[in-house]
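For reference, the structure is listed below as structure tokens.
Every read-out reported here was derived from the displayed coordinates using simple, explicitly stated rules and does not represent laboratory data. Predicted model, so just to flag it, every value in this text is computed and none were measured. Cβ atoms come from the backbone with ideal geometry, glycine included; neighbour counts cover every protein chain shown.
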């Protein structure tokens with residue numbers, strides 16, 4: 001009798017254990033699992049929070065490195081940070097590595113430590129790998145937010161597209177040559193990119209954009225702020241509502257528009273059409289005397305200035321140099337200068 005009861009108990013125990021194993025297997029990616037899911041600690045490695053360091057900006061916490069493996073079918077990597085910064089560079093490994101530093105201001109060390117402890121990287125896997133820096137609000141009215149600074153090291157080879165967005169803070173990208181299309185944006189902050197191997201789109205609502213050494217197309221847009229674009233091999237597009245535009249050594253097509261601000265473009269090579277306009281501001285363009293271009297320039301105030309063999313009449317400057325292979329169009333409500341590169 002006792003043996004029979006023990007056998008039944010053992011069968012029940014085995015059944016429960018089997019069910020638990022099925023649930024664990026399903027939760028770790030067994031058949032029927034949807035592609036997008038919240039990653040568990042088993043999916044990436046991270047290091048624990050270290051002791052606070054007092055700085056002028058507040059208490060700083062080094063949360064160490066997080067390593068994230070990439071799915072084979074990945075099409076895009078999207079990184080989001082509400083408050084802080086994102087710095088992106090390319091490494092030599094096969095995973096994405098993120099070093100996280102948290103800064104908590106206007107709080108005592110104990111409260112700051114508690115706030116930093118609750119910050120985390122929320123990662124969702126799928127064809128789009130979503131990485132989001134999360135922090136709970138703190139303070140008496142819960143309106144304060146920790147500043148999270150992410151240093152992202154990409155794998156040596158990454159064919160997927162890359163997106164990075166910061167609501168309040170700066171974004172920088174340096175020497176990322178092996179990646180798909182790149183899109184960087186900040187609502188309130190500067191965007192800097194140099195050494196880019198593929199097409200890149202840059203946007204800041206309130207801030208400055210600096211981009212240089214780009215091998216492909218560049219599109220830069222600012223609502224309030226300046227754009228500086230140097231050494232651009234592919235097509236260049238620049239637009240600002242309120243700010244100045246500047247470019248040196250852009251060797252393909254150029255489109256530059258400023259509603260309120262000056263535009264200055266200089267290049268020792270004309271490799272495409274130029275279309276440049278400023279509603280309120282001066283326009284200065286310089287290109288080689290040997291370039292074969294057709295020119296059409298207009299200004300509302302004053303006479304255009306040029307050292308090219310062009311016809312200047314009233315507020316209009318026109319002419320064809322050589323075969324006129326490319327077209328240069330420029331308009332300005334203020335001054336217009338069309339000069340040879342020095």
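When each of the peptides 134-145, 159-170, 294-305 is scored by the mean number of other C-beta atoms lying within 10 Å of its residues, the order from highest to lowest reads 159-170, 294-305, 134-145. Here the spin labels are modelled as points 7 Å beyond Cα on the Cα-Cβ line, and at residue 114 and residue 136 they lie 0.9 nm apart. Label zone (residue 241, point 7 Å along Cα-to-C-beta; backbone nitrogen cut-off 14 Å) within segment 202-229: 204-207, 221-226. With contacts taken as Cα pairs under 8 Å at a separation of at least 6 residues, segment 62-186 carries a relative contact order of 38 percent. Centroid-to-centroid, using Cα positions, segment 275-342 and segment 142-167 are 42 Å apart. Computed extension gain for residue 181 through residue 94, at 0.36 nm per residue and net of the alpha carbon distance, reaches 29.4 nm.
Suppose R0 equals 35 Å; then what is the FRET efficiency for residue 279 and residue 174 from their Cβ-Cβ distance, rounded to the nearest 0.05?
Numbers: r = 34 Å, r/R0 = 0.97.
The value I calculate is 0.55.
Of the peptides 287-293, 83-89, the ranking by mean beta-carbon count within 10 Å, highest at the top, reads 83-89, 287-293.
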